[in-house]
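Report on one structure; see the data block that follows.
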């Protein structure tokens, strides 16, 4: 939609595909120049505070409805609105595969505590405007150590967004 609005103003654009399949449009006209500055940025976000004494993380996550986000991603796969993929093999998971994951005794949606985002970043230097486009989200399930503390996260599945 953003591109469509810009094109009405006589923009010129060039396009090619990145390794992740991201269309790397660079849109330019006299008043706007949006440059693709990163076609693949991958980073993790902790979405569950496992330490109630850590007030900083609590404040950072204060406006996040984690369970709703997790439920909506699962529902999108179950409703065939999105496809889930195995993080390691890239193999498409069927809703039946996801149900098997959820039946595992060690699995619980409430223990999804990390998301990994893959994004493309766009920047318009004259306007100091930055836009991010999420390519995919990977859900991470907590892995407890022998003492019960979280020692890491296990990928549950990856979902590609528009």
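The values are calculated or read from the model by the stated rules, or taken from the named source; none is laboratory data. Source: prediction; values computed, not measured. Heads up, the Cβs are rebuilt from the backbone with ideal geometry, glycines too, and the neighbour counts pull from every protein chain shown.
Odds and ends about this structure:
- Residue 104 satisfies every condition listed in (1) without any contact (Cβ under 8 Å) to a residue 24 or more places away in the chain; (2) over 21 Å from residue 47 (Cβ atoms) except (2).
- Selection of region 111-160 for residues being closer than 30 Å to residue 33 by Cα, in contact (Cβ under 8 Å) with a residue 60 or more places away in the chain and outside any strand (DSSP E or B) yields 125, 126, 127.
- Test: residue in region 69-86 that is more than 17 Å from residue 161 (Cβ to Cβ) and out of contact with any helix residue (DSSP H, G or I) (no Cβ under 7 Å at 6 or more places or on another chain): yes
- Region 109-151 - residue that is under 18 Å from residue 98 (Cβ atoms) and out of contact with any strand residue (DSSP E or B) (no Cβ under 8 Å at 6 or more places or on another chain) and, of those, surrounded by the most Cβ atoms within 10 Å (Cβ to Cβ): 109
- Filter pass, residue 42 being modelled with pLDDT of 95 or more, under 19 Å from the mean Cα position of the chain (by Cα) and more than 14 Å from residue 157 (Cβ to Cβ): yes
- Scanning region 47-77 for residues that are outside any loop (DSSP other than H, G, I, E, B), surrounded by 13 or more Cβ atoms within 10 Å (Cβ to Cβ) and more than 16 Å from the chain's Cα centre (by Cα) gives 57, 60.
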